[in-house]
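The block underneath contains the structure these notes are about, expressed in structure tokens.
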Amino acid sequence: LGITPAAVHSTLQRARARLDRLEPAIDEITEPTEQERRDLLDRYADAFENADIEALTHLLTEDAVWQMPPNPSWFAGRDSVIDLLASRLRTKRTRLLPIRANGQPGFAMYVDGEAFAIQVLTLRGPAIAAVTAFHNPALVQQRFGLPDRI
């Protein structure tokens with residue numbers, strides 16, 4: 001790296017301190033009951049399909065993140081995520097079908113009846129902390145066995 005061991009150590013200390021500030025305390029982490037979890041996911045799907053920006057705002061944590069790999073753009077913070085969704089959802093007929101991906105809840109997303117993306121959600125307590133959206137229509141059928149059209 002071309003820097004001294006002391007500089008590396010100092011950088012690591014600053015990084016660890018930053019992570020400690022960002023990481024929620026263990027007593028702040030609670031898992032919703034299965035019914036609460038289902039209700040949250042149902043409310044999310046309903047709000048997303050109906051482009052209900054106000055409802056989506058209430059479902060996201062303040063520090064929510066939306067990412068779309070491999071796209072390098074990502075959106076951090078509820079306001080940033082809501083701005084993204086508000087600009088994209090109003091012009092499309094969207095339908096979400098529930099799935100599980102890597103043990104996490106998610107949705108196969110269809111736009112105007114065509115497979116469009118897979119959304120994988122990270123829940124924190126009674127809200128959605130992150131959405132990773134894979135905009136690859138082939139995943140819908142190949143990985144989840146769902147139709148290309150609905």
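At-a-glance table
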| quantity | calculated |
| --- | --- |
| Residue-count net charge about residue 112 - beta-carbon cut-off 15 Å; Lys, Arg +1, Asp, Glu -1 | +3 |
| Charge dipole of the chain about the Cα centre (unit charges at C-beta), most positive-ward option of 3, 113, 61 | 3 |
| The chain: equivalent-ellipsoid semi-axes (sqrt of 5 x gyration tensor eigenvalues, Cα, Å) | 32, 19, 16 |
| For the stretch 79-150, accessible area per residue (1.4 Å probe, heavy atoms of protein chains only), Å² | 53 Å² |
| Cβ-placed point charges (K, R +1; D, E -1), dipole of the chain about Cα centre in debye, nearest 20 | 540 debye |
| Charge dipole of the chain about the Cα centre (unit charges at C-beta), most positive-ward option of 103, 70, 47 | 70 |
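The values are calculated or read from the model by the stated rules, or taken from the named source; none is laboratory data. None of the values given here were measured: they were computed from a predicted structure. Positions of Cβ are backbone-derived with ideal geometry, glycine not excepted, and every protein chain shown enters the neighbour counts. Just the protein is used for accessible areas: all its heavy atoms, side chains included, with ligands, DNA and RNA removed. Shrake-Rupley method; radii C 1.70, N 1.55, O 1.52, S 1.80 Å.
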